[in-house]
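> Shown below is the structure under consideration.
The values are calculated or read from the model by the stated rules, or taken from the named source; none is laboratory data. Since the model is a prediction, treat every value here as computed from it, not as a measurement. Cβ sites come from the backbone with ideal geometry, for glycine too, and all protein chains shown count toward neighbours. What goes into the accessible areas is simple: the full protein's heavy atoms, side chains included, and nothing from ligands, DNA or RNA. Shrake-Rupley method; radii C 1.70, N 1.55, O 1.52, S 1.80 Å.
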Amino acid sequence: MATIAERINADIITAMKAREDVKLTTLRMVKSALRSKEIDKREPLTDAEQQSILTTLLKQRRESVEQFTKGGRPELADKEQVEIALIETYMPQAAGEDDVRALVQGAVETVTKDNGGTRPGPKDMGTVMKVAQQRILASGIRADGRMVSEMVKAELAKSS
């Protein structure tokens with residue numbers, strides 16, 4: 001299986017041949033972000049690092065959509081939405097709520113064991129979030145941070 005960067009490079013060539021300007025511009029921007037990070041690091045990026053960069057780009061685009069919508073600029077918001085859809089094609093499949101909930105419950109159980117059997121409360125949010133994010137990363141799925149945070153909050157609220 002090709003890395004994200006390899007797939008992007010191949011798709012840039014395809015977009016150039018097909019004269020798809022919007023797609024080409026977006027892919028070049030993504031390639032530039034990946035290359036910039038690679039230069040900063042001074043060694044090739046891992047798949048996880050490439051996914052992390054794409055996640056950052058997606059988050060930036062979503063914030064832009066929100067700002068453009070509030071500012072009454074729907075044409076710019078639409079442009080950002082197109083970029084979001086294109087970038088998401090390079091990300092692993094997003095996890096469903098049930099998958100994330102199972103990982104969050106597992107994280108709560110792990111923290112409970114680490115606390116000597118004491119179930120964590122709302123004050124342990126950071127600890128549980130860290131464990132949950134590690135489990136999500138290890139499973140190789142993609143989950144929205146906000147959704148994970150809300151599920152952890154709900155799970156911790158049950159215990160108190």
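> Select from the stretch 137-148 the residues that are open to solvent by less than 40 Å² (accessible area, probe 1.4 Å) and closer than 13 Å to GLN51 by Cα and list them in ascending order.
Residue satisfying the conditions is ALA143 alone.
> Name the helices (runs of 4 or more DSSP H) wholly within the stretch 1-120 that hold at least 2 residues that are within 20 Å of SER149 (Cβ to Cβ)?
47-70, 97-114
> When the stretch 136-149 is examined, which residues are found to be more than 16 Å from PRO120 (Cβ to Cβ) and assigned to a helix (DSSP H, G or I)?
The answer is ILE136, LEU137, ALA138, SER139, GLY145, ARG146, MET147.
> Another question about this same structure. Being open to solvent by less than 60 Å² (accessible area, probe 1.4 Å), touching a residue at least 12 places away in the same chain (Cβ under 8 Å) and more than 15 Å from the chain's Cα centre (by Cα), is that true of even one residue in the stretch 90-101? Can you show your working first?
Step one: of the stretch 90-101, the residues open to solvent by less than 60 Å² (accessible area, probe 1.4 Å) are 90-92, 94-96, 100.
Those still in the list that are touching a residue at least 12 places away in the same chain (Cβ under 8 Å) too: 90-92, 94-95, 100.
Subset that is more than 15 Å from the chain's Cα centre (by Cα): none.
Checking the stretch 90-101: not a single residue is open to solvent by less than 60 Å² (accessible area, probe 1.4 Å), touching a residue at least 12 places away in the same chain (Cβ under 8 Å) and more than 15 Å from the chain's Cα centre (by Cα).
> Next question. Using the structure shown, decide if ARG119 is open to solvent by 30 Å² or more (accessible area, probe 1.4 Å), over 30 Å from LYS23 (Cβ atoms) and in contact (Cβ under 8 Å) with a residue 40 or more places away in the chain.
Yes; evaluated as a whole, the condition is true for this residue.
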